[in-house]
Structures are given as structure tokens and as C-alpha cells.
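Inspection log for the structure reproduced underneath, given as C-alpha cells.
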Amino acid sequence: MNNLTEPRRSDSSRNRRVYNVSLLFAFLANVFQLIAVSLLFRYADFVELLGGDEWHLGWIVGMASVGAIACRLIQGVAIDRFGPGVIWIVSIAGEILAILWHIKIDSVTGIEVYLARCLFATSLAGTFGAWLSFISLQAPHQRIAEVIGVIGSSGFVGMAIGPTIGDWLFSSQVLRSVQVTRMFYVAASMATLSMLLALLACQFAKRSRTLTQPLKKQAENPIRIIWKNNPGFILVVGMLMGLTIGFPGTYLSPFAESLNIDNIKSFFIIYNVTAFVSRLIFRRAPQALGLPITILLGFGFMALSMLLYLPLQNETGFWLPATAGGLAHSFIFPSVIAACTNQFPVIHRGVATQLILGMYDAGVLVGMPIIGFMVTTSRAKGLEPYPFTIKTMFGIIVSICLVYLFTERLKKRTTNSR
């Protein structure tokens, strides 16, 4: 098995040069990618414009994840078969088409809004899966979490800029329909810039002979690959990651509106600046602490961030949950991705990456409609909708982390007894 788990390129030097021009362009491509994605944090305004509420929002966002989940493993096989660069570019093109499609939609109950969001979610799944495979294949095995963390910090830059542009677009004294249309046009433009930078990243990767060619000449059954490598409970943790990280991007806008808070940009600026800085400062945490401890530390901050939403009364109060959430994100994402991909040989890196990202999508699929249901149902019963929902999420985080801690201790005990 050792010969399969080692990349073709030598990983013998722990301190060899990893960061290069190709990864710089990959970093910049992800900045513009996340600007496009975080502009759509105002997606609730689009749903409201069509006459929908949180219930519709949760179902549209959640059901769209079905397409992403269904295509994840197929995309993973395609990444291994054709190389991550090809799937990366094709997926961004799909995103652009999906974003522009929304401009023509005029009903919140029609099938078209679900199809457009599904195309967006599926394309986004391919984009991030291929992008993560692209950068992780340029890292030594023991530094995968570090490289994902450092290059992935580009997302925090994009997510800080995107909501700021969004607030600016929605502050103009024009019709809400015009504001929403502008949001989609700007998001499509940012995705187009991301695609151009992705092309440059692929070109320089070829010049520097990094691993961008197909890893596997023949397609294999992804279910058989997953069964053989058995990643375990980390898949459930991946679902929790999707539920918790996806919460502010979907529900912060209506939550803030319920508190008569107009602007949400300060939350995302603080969140992403915190995540970016902590990601760089603690980039070696997975190596120093181990992946399980780093993951539990991240979810500890995530649970804290949920509690810090409760006393929120005005925009100034955003800094508390945003800081805790940013710290959580910086620890959780690269460590969970690495914990799953490390269970697979490098020739199946595409399948492994898409599998754990698929579990992230499953967390969105299951979680967003449930959150929407809890908000609307508790409101109908005269309860405080968001405090009730947030407290429930806190309990879910604690419960799953306790089970994960137990499984990791059991795994360690079993390994030591051999």
C-alpha cells in the first residue's frame, strides 16, 4: 500500500519548495471565485423578490445540493481520469451559466429556480473539488493540510470582499429587482475572471511539471474505491462542517433583518480577516496537534460562535460570533479535507476530495431545509425563531464532536493493540 499512497513526485524532503507561480494563480482564482459566491449571500433577497420566505430559501438551497451530491463521485472519477485542470475550467463555465440563468427567473415555486440553483451548486462542487485536487497534488503528503490551508485562505479574502460589494449594490436607491439583477451580473463577471486565472494556473503547472495530468488512465467504480478505503466517521463530521459553515452564508441576512440590522458586511469582513490571519499563523497546527485535535478545536470555536449569536442586537455585535466563526473555519476545513483524503491513495485523490465535499453538500442538503423549517415553525408558535434554531445547532455540534472523539480514541486504542 505504501507505494500507492506516495505521490509520483518525491515527498522525501519535508521542507522542499512547495509554493510556486501556479499556486499563486490558483490563489487568485479562488479569490475571485469566492467573491462571486459570497455576492450570492444576498440570495435571500432574490427569493424574497420572487415572493418567497425562509422556508422557500431553505428548500431551494438544500434541494440544489442534491445535484451536487449526485455528481460528486462522477466528478471525482473525472478529475482522476482527465486531470483536475480540465474539470476546474468546465465547472466554472457552468457556474457562469447558472448565475446568468437566475436573471430570467420570475417564480419562486417553479421548477426553473430549482434547476438553476442545482446547476450552480453542481458546478460549484466541480470547481472546488477540482481546485482542491489541483493544489493538494502539488503538496507532499504530510503537508496537504498546510497547503490547503494556506492557498485556501484566498477564500477568506474573497468572502470579505464579496459581501462588501453586495452591501454597496443593495444600498443604491433603485428598485430591488435592479439590485438583484446587478448582483447576478457582477457575480458572473467575478467568476469569469476566476476562470481566466484558473487557465493561467494550469498553464504554469504544466510548465513546472507539477502533477496536472490524469492520475488514472481507466475509470474505476467510485463506490468500490470508497468501500475499500473506508474513511469512517469523518464523513459525518464533513456533514457537520457543511451545516455549520453554510449557516451564515444562507441565514445571516434574514436573521439580521429580523433584528432590524441592514448591513451584514461587517460580519463577513471580521469573519474572513480572522480566518485568513489565523489560517496563516496556525498553518502548521494539523502537523503539530494532529488532525483529530485540530478538528475538535475548530468545532469548539464553532459551538462558541453559535452561543455568541444569541446576544446579538446590532451590527456592532457581529464581531463576537464572526471572530469565533472565523477561527473555527480556519481550523476545520483543511483538517477535515486532509483527514479524509489521507485515507485514500494519491491515484484516487479526486474521488476522496469529492467524497468529503459531497458530505459537506449533504450537510447543506439536510441542514438548510431543517433550519428553514425550525425558523418558520417556531415563529408560527410564537417562539423566538432564530435563538431556538441556534441553540439546537449548538447541541448538534456538541453531540457529533463527542461521538467523533470517542471513535478516534477507539481507533487509536485498536491501532496500539496490534
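Quick rundown of the values:
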item	result
Conditions (1) of a type in the set (D, E, K, R); (2) touching a residue at least 40 places away in the same chain (Cβ under 8 Å); (3) surrounded by fewer than 24 Cβ atoms within 10 Å (Cβ to Cβ): number failed by Arg349	(3)
Whichever residue in the range 36-55 is modelled with pLDDT under 85 and in a helix (DSSP H, G or I) and, among such residues, is surrounded by the most Cβ atoms within 10 Å (Cβ to Cβ)	Glu54
Of the criteria (1) surrounded by 18 or more Cβ atoms within 10 Å (Cβ to Cβ); (2) over 17 Å from Ile135 (Cβ atoms), which one Ser330 fails	(2)
From Ala70, Ala121, Ala116, Ala93, residue being surrounded by 24 or more Cβ atoms within 10 Å (Cβ to Cβ) and in a helix (DSSP H, G or I)	Ala121
Single unsatisfied condition, Ser189 versus (1) part of a helix (DSSP H, G or I); (2) of a type in the set (Ser, Thr, Tyr); (3) at pLDDT below 90	(3)
Checking Ser378 against (1) without any contact (Cβ under 8 Å) to a residue 40 or more places away in the chain; (2) under 21 Å from Ile270 (Cβ atoms), the condition it does not meet	(2)
Residue in the range 338-354 that is assigned to a helix (DSSP H, G or I), of a type in the set (A, V, I, L, M), out of contact with any strand residue (DSSP E or B) (no Cβ under 6 Å at 6 or more places or on another chain) and closer than 30 Å to Tyr114 by Cβ present	yes
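Condition check ((1) modelled with pLDDT under 85; (2) touching a Leu at 6+ places or on another chain (Cβ under 7 Å)) across all residues:
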{"site": "Cys340", "(1), (2)": "no, yes"}
{"site": "Val351", "(1), (2)": "yes, yes"}
{"site": "Met359", "(1), (2)": "no, yes"}
{"site": "Val366", "(1), (2)": "yes, no"}
{"site": "Val375", "(1), (2)": "no, no"}
{"site": "Ser378", "(1), (2)": "no, no"}
{"site": "Leu383", "(1), (2)": "yes, no"}
{"site": "Thr392", "(1), (2)": "no, no"}
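The values are calculated or read from the model by the stated rules, or taken from the named source; none is laboratory data. From a predicted model like this one, the values you see are computed outputs, not experimental measurements. Because the Cβ atoms are built from the backbone with ideal geometry, glycine has one as well, and the counts that use them run over all protein chains shown.
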